[in-house]
1. For the list (1) closer than 30 Å to L17 by Cβ; (2) modelled with pLDDT under 70, I need the number of the one condition that S89 fails.
2. Out of the residues in the stretch 2-20 that are closer than 16 Å to F43 by Cβ and surrounded by fewer than 12 Cβ atoms within 10 Å (Cβ to Cβ), which is modelled with the highest pLDDT?
3. Residues of the stretch 34-58 being more than 14 Å from I12 (Cβ to Cβ) and among the aliphatic types (A, V, I, L, M), which ones?
Amino acid sequence: MKTYTSITDKTIPISALRKRFGEIEKKLPYVDYFVLTKKGKPFAILHAAPGVKRELMRKAFGAWKNTDLDNDALWKDVLKRKSRKTSISL
């Protein structure tokens, strides 16, 4: 039987979920889903609620404010395609 070794594993036995729930719960918003197994067979799919992922995105939005990446000239150059004469407007 495959055992849960790291958070990158997509398959987690129910016993590992019980033992390491805190670690798995913290990582859940950052992954698509986990497949929970019972006696080595898929039993359930575990994923974060959409609201949890939205809240995480809100917190990350604007993370570079007041940093070197908060530079309109930089983004203007990034959004300008080589084949275009003008930049893409946001």
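The values are calculated or read from the model by the stated rules, or taken from the named source; none is laboratory data. The structure presented is a predicted model; accordingly, all values stated were derived computationally and were not measured. When we count neighbours, we look across all protein chains shown, and the Cβ atoms used for this are built from the backbone with ideal geometry, even at glycine.
1. Single failed check for S89: (1).
2. By that ranking, first place goes to R18.
3. A48, A49, V52, L56, M57
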